[in-house]
Amino acid sequence: MTKPTKGTDSRAMSRRKFFAGAAAAGAAMIPGVGHAQSALEGLLSAPRRGNWNDQFDTRGSSTVKVASNEPVFSPNTVASMQQALETYRQIVGAGGWPMVPDQAKLQLGVDHPAVSTLRQRLMVSGDLSQSAGMSTAFDSYVDTAAKRFQTRHGLPGDGVISTYSFKALNVPADIRLGQLQTNIVRLQAMSGPLGDRFVMVNIPAATIEAVENGRVVQRHTAVVGKIDRQTPILNSKITNLNLNPYWHAPVSIVRKDIIPLMQKDPQYLAKNDIHIFAPDGSEIPPEQINWNTEEATRYLFRQNPGKNNAMSSVKINFPNEHAVYMHDTPQQSLFSKLLRFESSGCVRVQNVRDLVVWLARDVPGWDRQRIEQVIGTRERQDIDLSNPVPVYFTYISAWATDPSVVQFRDDIYHRDGSELLAMNEQTAPAGMAVAEEIPY
């Protein structure tokens, strides 16, 4: 594999001159990327830009530098976003970044003309130092920069540039600028006092932050609502925890999921320990219901605690008009998926017991050991929080807790004003078979 090359007099060249020359060489190798050359030169000569390292974190281009315990809801985030906006205005004003050809998968060890364009793209966004040069080789410098870019965009940081990475790379700079402008308004709306302790659910990122005294003390991967069953925006307070909860199916799930599943498999309810109750409290055998009608929507569907329970071990309650909540799940494999928009609006929490222990810490007698013991009994028990904890469900698809590390996520619910930002469609094609499980 060929390393980036330098001329014999490169040591005498300034970093700026070297970079401009390298950019020209790269542009010459790749047809149709001439505008990238002017973009790079324009950025380097832009007024008030200063040195490259003043604007971008190229000192340590790694996935580690992307991580932070600064909350998304923080006064520092708004200030960092304002600085990031200025940088992106300069990028747009200088011509943006080049489109990376997506004809071939790019990864460590590959030598391909598109790698030169990829280098330009990563340099403009600050993921790759200009000292890396414009070689066509996908070397360790590009690998590190690609991982940093992927991590900033919520993608697996494996350094392999394929479908989703190409989509993220090729969103035009002016569209990204607009996404930042849209989201800074959302962040400014939440810049007031939020509480010494609070929980924030970021829907596009499908992540949860538990924040205390201005720092993130826990982060959790989440599963949130499908495109057609969206998790709502809300502000509330967590007041109550259910250990080994019953699950009561909403009418919408009875109609959309349980009836079709029973038509397909009449034993579905029995297999999942779900019982049907009439308004007077009497239990109704499933075979007495006409599953080819909507008769079932008149009854209560309750799933007993246990390994098949939709909420598994824990339900986290907070008053809200949408009847949504946070909970554990028996479907732990969903947390490892790239696209975690699978629920009917409620939020599933990975490692939820860590969050529950943090929420219940001020309630006498409810330490981790006691919580685990009760869960092990499979018996229903409630914990009422003596100090309710604020919870915020929000939609932030772009943010920066550091102005040199700008985070972007897929606009899954199409709220940011451009279809190019909704890259991961999950709508089912017509005629697709009904799922075997309910998207709780």
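The values are calculated or read from the model by the stated rules, or taken from the named source; none is laboratory data. From a predicted model like this one, the values you see are computed outputs, not experimental measurements. Positions of Cβ are generated from backbone atoms using ideal geometry, with glycine treated the same way; all protein chains shown enter the neighbour counts. Heads up: the accessible areas ignore ligands, DNA and RNA and are worked out on the full protein's heavy atoms, side chains in. Shrake-Rupley method; radii C 1.70, N 1.55, O 1.52, S 1.80 Å.
Okay, here's what the table says:
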quantity: Cα-Cα separations in segment 213-356 greater than 28 Å, expressed as whole percent; calculated: 22
quantity: Heavy-atom accessible area per residue - segment 118-197, 1.4 Å, Å²; calculated: 30
quantity: Model label zone, residue 252; criterion: amide N under 20 Å from point 7 Å along Cα-to-beta-carbon; scope segment 337-371; calculated: 340-349
quantity: Rounded Å value of the spacing that divides the Cα centres of segment 153-217 and segment 263-299; calculated: 42
quantity: Accessible solvent surface per residue of segment 68-108, calculated while the other protein chains remain in place, 1.4 angstrom probe, Å²; calculated: 44
quantity: Nearest-20 debye value, segment 212-266 charge dipole, Cβ charges on Lys, Arg, Asp, Glu; calculated: 120
quantity: Segment 189-276 - convex hull of alpha carbons, volume per residue in Å³; calculated: 159
quantity: Rough spin-label spacing in nm, given labels placed 7 Å along Cα→Cβ, for residue 379 and residue 280; calculated: 3.2
quantity: Computed label-point distance, nm, for sites residue 189 and residue 240 using a 7 Å Cα→Cβ extension; calculated: 2.9
quantity: Net length gained if the chain between residue 174 and residue 108 were fully extended (0.36 nm per residue, minus Cα distance); calculated: 20.8 nm
quantity: Global form of segment 175-225, assessed from the alpha-carbon gyration tensor, a/c cut-off 1.5; calculated: oblate
quantity: Linear extension gain, residue 293 paired with residue 320, 0.36 nm per residue minus alpha-carbon span; calculated: 6.7 nm
quantity: Percent of alpha-carbon pairs separated by more than 13 Å within segment 95-152; calculated: 54
quantity: Percent accessible area from carbon and sulfur atoms, segment 170-227, protein chains only, probe 1.4 Å; calculated: 51
quantity: Compactness relative to 2.2 N^0.38 Å, alpha carbon Rg of segment 340-392; calculated: 1.29
